[in-house]
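Report on the structure given below.
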Amino acid sequence: MAVVKLFGAWTSPYFYRVIWALKLKGIPYECIEEDLLNKSPLLLQYNPVHKKIPVLVHDGKPICESTIIPQYIEEIWPQPSLLPSDPYERAMARFWIKFADDKLILLALSPSISKMYRASGEEQEKAVKYILEMLETMEDHGLIGGKKFFGGDKISMVDMAFGAVAHWLGVIEDAAGLKIFEAHKFPRLQSWIQNFKEVPIIKENLTDRDKMFALLKRRREMLLASK
Amino acid sequence: MGEENKVILHGVWASPFSKRVELALKLKGIPFEYVEEDLQNKSPQLLRCNPVHKKIPVLVHNGKPIAESLVILEYIDETWKNSPRLLPKDPYKRAKVRFWTSFVQQQLFDTMFTVTKTEGEAQRKAVKEVSEKLQVLEEGIKELFPNGNPCIDSQNIGLLDIVILSLLGPHKVQEEVLGIKIIDPEKTPLIFAWLTAINQLTVVKEATPPHDKLVALLKFLRENSLKSSA
């Protein structure tokens, strides 16, 4: 019986945050794919409060939330480290992880993403503006100094927290027929995306782009048809 | 206090987020300079220290700024390792504390603000939601207080206690101003006992503004909100 189990869903960038942490540390785990429209009794038992993925189960004990799980993983399996050892640098990392968590809600495949799909209108404009502001802050404040990754030379939990920007944003833009991220406007971010996706573990563990595009396109069509 | 280990807190007396940091510093006996900010006229230091959000609280330690109250609390705990430890040593217990802290922060805070700032149907809905969330919390904290008796003292108080205090510590003030029962000792006996225990600590009492001042503040905030939404 596997000591570590991970409940997740292939579309979720939050799920991937945990996959990356486990794989970067070489921790073997059993993956349980959940159908989010038909959640398993086991998932509901392990996360009765939120009923969401990802959930890590270690030796039968459930840990929930995609920012809490990587910290737990870091504390149980410290090497290779995914957070700085200096308390101040750790605080900076946690600040950016919180920022990512707060701002990326629009890129999760939750109901709020439908705001991106509106053919026109205020809601879509607001959503686009919100994302642009987030990208500007990352560019102007998060990546100053020409750093390779958010924490310096090494990949860390902060980069993983922003994973949705590196991969999911592009697919969402295509499905919605929008262009939000323009490389020439965000040179540091563009570099970061390339650096992030070139890390072998990340490269090998990204959700299937075509599959996701097809899913989002279908959802968009359903949404527009129902109006 | 020498230049070594100089701590400055930029805060606002009325802010629960600011209060959390103030309390953590006092509980650990860390000397600090407090700067009361005027949110209508923020100091240049504050804007420099938190350029991303321009908000309080901001802790400045030896010239280096940290923003976001929960990030600050973890920093304090990792830098000043004396008692009380704000997070337990065991990683699974730490995950539990972080989980419930996140729950209070994300599920309860905004809904409580809605309760204090609205009336009529909107308020009724929010009150119902708070009540449901409190029931979930009541169930959840049973494993944190297995003998059913929250014994909080200045040595064992932690992150979750500070966070729940910052939101619901003044529940009697909230109940007086709103005329609504928020923490019912019959519906949520554990939460009621927990808040009572935390509120009795000397450090907490000393850091809490007088009842009348808090009542006046809440009335003022509520009236302002109702006026601007009318």
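The values are calculated or read from the model by the stated rules, or taken from the named source; none is laboratory data. None of the values given here were measured: they were computed from a predicted structure. Note that each Cβ is placed from the backbone with ideal geometry, even for glycine, and that neighbours are counted across all protein chains shown. Ligands, DNA and RNA are excluded from the accessible area calculation, which covers all protein heavy atoms including side chains. Shrake-Rupley method; radii C 1.70, N 1.55, O 1.52, S 1.80 Å.
When each of the peptides A:85-96, A:151-162 is scored by how many other beta carbons lie within 10 Å of its residues on average, the order from highest to lowest is A:151-162, A:85-96.
Of the cross-linked pairs A:LYS129/A:LYS179; A:LYS51/B:LYS133; A:LYS39/A:LYS217; B:LYS6/B:LYS64; B:LYS117/B:LYS227, which ones have a Cα-Cα span greater than 19 Å in the structure shown? Can you show the working numbers first?
Details: A:LYS129/A:LYS179 12 Å; A:LYS51/B:LYS133 14 Å; A:LYS39/A:LYS217 23 Å; B:LYS6/B:LYS64 10 Å; B:LYS117/B:LYS227 10 Å.
Where the Cα-Cα span goes over 19 Å, the pairs concerned are A:LYS39/A:LYS217.
In what sequence, highest mean first, do B:53-62, B:105-114 appear when ranked by Cβ atoms within 10 angstrom?
Numbers: B:53-62: 20.3, B:105-114: 16.7.
Averaged packing, sorted descending, gives the order B:53-62, B:105-114.
Other protein chain C-beta atoms within 10 Å of residue C-beta, averaged over A:86-98: 5. Put a plus charge on the Cβ of each Lys and Arg, a minus charge on the Cβ of each Asp and Glu, and nothing anywhere else: the dipole of chain A about its Cα centre is then about 380 debye.
Hey, if you put +1 on the Cβ of every Lys and Arg and -1 on every Asp and Glu Cβ in chain A, which of A:ILE27, A:ILE155, A:ALA127 ends up farthest toward the positive end of that dipole? Projecting each Cα onto the dipole axis, the largest value belongs to A:ALA127. Separation of the alpha carbons by more than 24 angstrom is noted, of B:LYS93/B:LYS205; A:LYS25/B:LYS89; A:LYS103/A:LYS197; A:LYS147/B:LYS19; B:LYS19/B:LYS172, for B:LYS93/B:LYS205; A:LYS147/B:LYS19.
Let me know the charge dipole size of the range A:129-227 about its Cα centre in debye, to the nearest 20, where only the beta-carbon of Lys, Arg (+1) and Asp, Glu (-1) is charged.
Details: 16 positive and 14 negative charges, 63 e Å.
The calculation lands at about 300 debye.
Averaged over the residues of peptide A:134-143, the number of Cβ atoms from other protein chains lying within 10 Å of each residue's Cβ is 1. Peptide B:56-63 has a mean shielding of 1, counted as Cβ atoms of other protein chains within 10 Å of each residue's Cβ.
Assigning unit charges at the beta carbon (Lys, Arg +1; Asp, Glu -1) and nothing else, what dipole magnitude in debye, to the nearest 20, does the protein assembly as shown show about its Cα centre?
Numbers: 62 positive and 58 negative charges, 108 e Å.
Value, rounded to 20: 520 debye.
Of the accessible area of chain B, computed with a 1.4 Å probe over protein heavy atoms only, carbon and sulfur atoms account for 53 percent.
Ranked by the mean number of other Cβ atoms within 10 Å of their residues, highest first, the peptides B:85-97, B:117-129 come out as B:85-97, B:117-129.
With all protein chains in place and a 1.4 Å probe, the accessible surface of chain A carries 54 percent carbon and sulfur.
Accessible surface computed residue by residue for the range A:1-89, with neighbouring protein chains in place and a 1.4 Å probe, gives 44 Å² per residue.
For chain B, the antiparallel share of DSSP beta bridges with both residues in that region comes to about 65%.
Going from the isolated chain to the complete set of protein chains, the range B:65-83 loses at least 40 Å² of heavy-atom accessible area (1.4 Å probe) at B:GLU68, B:VAL71, B:TYR75, B:GLU78. Interface area, chains B and A: about 2300 Å² of buried accessible surface, summed, with a 1.4 Å probe and ligands, DNA and RNA left out.
For the range B:77-195, the per residue solvent-accessible surface stands at 46 Å², with DNA, RNA and ligands left out and a 1.4 Å probe. Heavy atoms of the protein chains alone define the surface here; on that basis the range A:131-227 has 49 Å² accessible area per residue at 1.4 Å probe size.
Rank these residues by their accessible area, most exposed first, probe 1.4 Å: A:GLU173, A:GLU133. Display every interim value, and only then the final one.
Details: A:GLU173 10, A:GLU133 85 Å².
Largest to smallest exposure gives the sequence A:GLU133, A:GLU173.
Net length available on complete extension from B:LYS187 to B:GLU206 is 3.9 nm, with 0.36 nm assigned per residue and the Cα-Cα distance removed.
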